[in-house]
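The values are calculated or read from the model by the stated rules, or taken from the named source; none is laboratory data. Just so it is clear, the model here is predicted, and its values are computed rather than measured. For neighbour counting, all protein chains shown are included, and Cβ atoms are generated from backbone atoms with ideal geometry for every residue, glycine included. Heavy atoms of the whole protein, side chains included, go into the accessibility calculation; ligands, DNA and RNA do not. Shrake-Rupley method; radii C 1.70, N 1.55, O 1.52, S 1.80 Å.
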Amino acid sequence: MNKHILVLNGPNLNMLGIREPGVYGEVSLPQIEKHLSELASSQNVELTCIQSNHEGVLIDTIHAAYGKMDGILINPGAFTHYSYALRDAISSVKLPTVEVHLSNIHQRESFRHVSVIAPVADGQIAGFGAHSYELGFTALMNILKKAR
Ligand code: DQA
């Protein structure tokens, strides 16, 4: 395995498939993670997938990635919109980071239009349902290839 990517999912994303399927779709998080893992292993990339509803666990996981992982694919859930602590954790480890959202947050309630994570991420992908993760993974791999 030549690269190791951390796939982080924040609060309520464990409820995908059950939660507001009209907004987030009917695919569960384990299904998304399985699909991503298959895609990753076809490219000789190792994935570690973690979901937590707790801000501190997400922060500890990002810190633990320092010096061990090569990049972060993150759907921060509602923490996207207000967690300065999560934003600071991402900028602390300085790992290539792609932010993903299933829904198009810019089309939704005004509180979702702001991402405090976006300024410390390399880019953001939003609005393509479960496919956002695959697009985000591809974007992250392109960043890592360029960095070589
Ligand atoms: C989300 C969008 C957020 O606004 C929301 O709080 C989520 C999911 C998305 O993937 O579309 O939990 O990050």
Placing +1 on each Lys and Arg Cβ and -1 on each Asp and Glu Cβ in the chain, then taking the dipole about the Cα centre, the residue among Gly71, Leu6, Pro30 whose Cα reaches farthest towards the positive end is Gly71
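Per the helix-only calculation at 222 nm, which mean residue ellipticity applies to the chain, given -39500 (n - 2.57) for every DSSP H run of n ≥ 4 and division by its residues, nearest 500 deg cm²/dmol? Don't skip to the end; give the middle numbers.
Details: 5 runs with 56 residues, N = 148.
After summing the helix terms and dividing by residue count, I get -11500 deg cm²/dmol.
Rounded to the nearest 5, what % of the DSSP beta bridges within the chain are antiparallel ones? Intermediate values should be presented prior to the final figure.
Details: 0 of 19 bridges.
If I count the DSSP bridges inside the chain, around 0 percent turn out antiparallel.
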Residue (of Ser92, Gly127, Ile62) at the positive-pole extreme of segment 3-146, dipole from beta-carbon charges:
Ser92
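What percent does the relative contact order of segment 1-76 come to when contacts are Cα pairs within less than 8 Å and at least six residues apart? Before the final figure, lay out each step's value.
Working: 104 pairs, mean separation 41.5, N = 76.
Over segment 1-76, the number comes to 55 percent.
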Counting pairs on different chains as well as pairs 8 or more places apart, how many Lys pairs in the chain have Cα atoms under 21 Å apart?
10
I'd like the accessible area for Met15, computed on protein heavy atoms only with a 1.4 Å probe and all protein chains in place. Round to 10 Å², please.
80 Å²
Along segment 9-19, Karplus-curve 3J(HN,Hα) (6.51, -1.76, 1.60; θ = phi - 60°) to the nearest Hz, with x for Gly and Pro, reads 10, x, x, 6, 6, 5, 8, 4, x, 9, 6
Please list, short to long, the whole-number percent of alpha-carbon pairs of segment 3-146 in consecutive 5 angstrom bins beginning at zero.
2, 10, 22, 26, 22, 13, 4, 1
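Please calculate how many Å² of accessible area segment 3-146 carries per residue, with a 1.4 Å probe and no DNA, RNA or ligand atoms counted. Walk me through the numbers before you get to the answer.
Working: 6750 Å² over 144 residues.
For segment 3-146, the solvent-accessible area averages 47 Å² per residue.
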Only Cα pairs within less than 10 Å get springs; with that Gaussian network setup on the chain, which residue of Pro11, Pro76, Pro119 has the largest fluctuation?
Pro119
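Taking N as the number of residues in segment 90-148, what is its Cα Rg relative to 2.2 N^0.38 Å?
On the way: Rg = 12.2 Å, N = 59, 2.2 N^0.38 = 10.4 Å.
In units of the 2.2 N^0.38 Å rule of thumb, it is 1.18.
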Segment 1-89 - percent of accessible surface contributed by carbon and sulfur, probe 1.4 Å
53 percent
